[in-house]
């Protein structure tokens with residue numbers, strides 16, 4: 001009406017009757033207690049209050065349309081936020097850094113926050129909504145079924161995890177598997193190109209993470225060495241960071257039992273040898289709550305992460 005300044009033309013444009021439109025205008029003026037239009041037999045024009053109201057109304061309509069568009073983008077995963085929790089190796093490695101850079105380029109309107117959470121804390125954080133996506137093993141050595149160092153793989157790409165109650169709420173997707181070995185100083189004289197027998201390392205000094213940083217690693221290390229090597233490893237030092245492990249290994253202060261993926265970017269500083277013993281492999285998972293409004297964003301980030309993993313492994 002404000003654009004046409006004619007009840008007849010405005011009614012035709014809006015596909016309503018002339019009387020109905022006139023009544024709507026009258027109702028609006030009564031509601032806001034302002035006269036928006038000057039009417040006479042020859043023409044209709046906006047009052048000064050009507051002109052101001054029109055400017056504000058257009059702005060409100062524009063904001064509403066923008067809000068609808070942003071909400072639609074959010075439902076598609078193109079806008080919004082994503083809170084990721086990851087374990088130490090996942091957070092400090094180049095793999096997640098590469099995925100974050102790619103995701104920022106492809107989806108600049110998604111605000112991504114990355115929190116350091118050890119594997120034990122990821123599941124409760126997913127359940128209470130503190131994080132939206134967890135990256136790491138399923139759990140650490142609570143039971144053989146839940147351990148990240150599995151002796152059998154999961155065939156499907158998606159699987160529910162943990163106990164029966166949690167299975168109803170949490171999903172996980174296997175991202176990669178990586179073989180076990182030991183990282184050592186470049187000065188060590190192990191036979192090049194050969195797999196090592198774990199039992200031959202029983203007199204070596206092993207390095208470990210502090211329990212509060214990577215929950216369960218030391219228990220797993222002892223169990224692994226006892227089962228496959230027949231000895232209890234001597235833990236010579238512990239650290240709270242991947243950088244600390246790398247520096248101590250490079251300095252020859254001990255060896256570190258880990259997966260091949262953990263030292264992929266450290267070959268200039270360290271040597272890595274695969275082990276003969278041990279049927280298991282390290283398994284890295286993406287974990288999320290089944291019922292979440294952010295499922296589209298989560299799946300888009302997982303797709304980008306899988307692209308990074310593929311390029312990283314090529």
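The values are calculated or read from the model by the stated rules, or taken from the named source; none is laboratory data. Predicted, not measured: the structure shown is a model, and the values here were computed from it. Methodologically, a virtual Cβ is constructed for each residue, glycine included, from the backbone with ideal geometry; neighbour enumeration extends over all protein chains shown.
Residues in region 249-262 that are surrounded by fewer than 21 Cβ atoms within 10 Å (Cβ to Cβ) and more than 30 Å from the chain's Cα centre (by Cα): 250, 251, 252, 253. Filtering region 215-244 down to residues that are in contact with a strand residue (DSSP E or B) (Cβ under 6 Å, 6 or more places away or on another chain) and modelled with pLDDT of 90 or more, which residue is surrounded by the most Cβ atoms within 10 Å (Cβ to Cβ)? Among those that are in contact with a strand residue (DSSP E or B) (Cβ under 6 Å, 6 or more places away or on another chain) and modelled with pLDDT of 90 or more, it is 233.
What strands (runs of 3 or more DSSP E) completely inside region 1-87 contain at least 3 residues that are within 52 Å of the chain's Cα centre (by Cα) and at pLDDT 80 or above? Before the answer, list the steps.
Values: elements: 37-39, 44-46, 80-86.
The strands (runs of 3 or more DSSP E) meeting that bar are 80-86.
The C-beta contact set for region 199-219 (first residue on the phi > 0 side of the Ramachandran plot, second residue surrounded by fewer than 21 Cβ atoms within 10 Å (Cβ to Cβ) and not in a loop (DSSP other than H, G, I, E, B), distance under 9 angstrom, 6+ apart or interchain) comprises 216/120. Residues of region 179-209 that are surrounded by 17 or more Cβ atoms within 10 Å (Cβ to Cβ) and part of a strand (DSSP E or B): 180, 181, 182, 183, 184, 196, 206, 207, 208, 209. Residues in region 88-124 that are at pLDDT 90 or above, in contact with a strand residue (DSSP E or B) (Cβ under 8 Å, 6 or more places away or on another chain) and part of a helix (DSSP H, G or I): 100, 103, 104.
Only one of the numbered conditions (1) surrounded by 15 or more Cβ atoms within 10 Å (Cβ to Cβ); (2) under 21 Å from residue 137 (Cβ atoms) is not met by residue 212, and that is (1).
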